[in-house]
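Read through the structure below, which is laid out as structure tokens, and then see the notes.
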Amino acid sequence: MADEVKRTLKVLDTPEEVSEAAAGQAAAAILAAVAARGRCALVLAGGQTPKGTYALLARRYGQTIQWPSVHFFWGDERCVPPDDPRSNFKMAHDALLGQVPIPPENIHRILGERPPALAAEEYERGLRAFFPAGASVPAFDLVFLGVGADGHTASLFPGAPALEESRRWVMAVEAPEGVPCRHRVTLTLPAINASMAVFFLVTGAEKSAVVRDLCRDPVILSATPAGRVRPHGELLLFVDKAAEGASPRDTHE
């Protein structure tokens, strides 16, 4: 149930401190998953704040994490080639994947260079092959997410039909007019919400209204795509002071 989600808000002074806190918590989650299950299924997000977190994971925890036991997935991807500067895969590769010893078979990227519907089908097929046969949802250990000022997360935008999807794990979607790279592929809410943990990384004053919504009553949360993220496990929000709109604090709900 929505009101049973363990929600933790961690407010840091700066975006750099957000990246540091998220990287430390992520490293601990990865190590715990590998120790418990022999592998970690980690979902990456795009954006500048996650980029700083990924770089710290490589630089600070590169010798600590058992990278051959970590499998990398993506919450969404723009429909561009993998070497395009707008590619979420390229950002993650430059900041993290290319800096640590990860077997190529552990990188499960969305093929953004393919037609969107085909890329979505192939990505879902790969997910279903990775997780136990017959699983109704994927069991990711950790999902990184960002959030837009409009409350969108991954490529789930306000009012989009994909928000109501209950069967598919992956969909081809179109971002609203005016958003760069409108053609995208995204995980759906059932796939995201089946995870053991979700880390929202949020910075900037323009996100303060969204952060307030994320910390309100679950009935209000359902109004935004980000607010409808309610994982089986814990939900951590790492935000900077500008996004939180008040003095730093660490609260547990």
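The values are calculated or read from the model by the stated rules, or taken from the named source; none is laboratory data. These numbers come from a predicted model, not from an experiment. Here Cβ is always computed from backbone atoms with ideal geometry, including for glycine, and neighbour counts include all displayed protein chains.
Tallying residues that are assigned to a helix (DSSP H, G or I), touching a Phe, Trp or Tyr at 6+ places or on another chain (Cβ under 9 Å) and of a type in the set (A, V, I, L, M) within region 121-151 yields 1. Inside region 176-215, residues that are over 22 Å from residue 29 (Cβ atoms), in a strand (DSSP E or B) and hydrophobic (A, V, I, L, M, F, W, C) make up a count of 1. Of all residues in region 28-45, those satisfying the criterion of being over 26 Å from residue 216 (Cβ atoms) and within 15 Å of the chain's Cα centre (by Cα) are 30, 40, 41, 42, 44. For first residues located in region 163-177 and farther than 14 Å from residue 120 by Cα and without any contact (Cβ under 8 Å) to a residue 40 or more places away in the chain, partners that are of a type in the set (Ser, Thr, Tyr) and assigned to a helix (DSSP H, G or I) and lie 6+ apart or on another chain with Cβ distances below 8 Å do not occur.
Residue check: residue 32 meets all listed conditions (1) touching a residue at least 24 places away in the same chain (Cβ under 8 Å); (2) surrounded by fewer than 21 Cβ atoms within 10 Å (Cβ to Cβ) but one, namely (1). Residue 150 satisfies every condition listed in (1) at pLDDT below 95; (2) among the charged types (D, E, K, R); (3) closer than 16 Å to residue 231 by Cβ except (3).
Restricting region 71-111 to residues that are more than 17 Å from the chain's Cα centre (by Cα), touching a residue at least 40 places away in the same chain (Cβ under 8 Å) and under 14 Å from residue 181 (Cβ atoms), which is surrounded by the most Cβ atoms within 10 Å (Cβ to Cβ)? Here the residue is 79.
For region 152-175, the tally of residues that are among the aromatic types (Phe, Trp, Tyr) and either in a strand (DSSP E or B) or closer than 24 Å to residue 18 by Cβ (or both) stands at 1.
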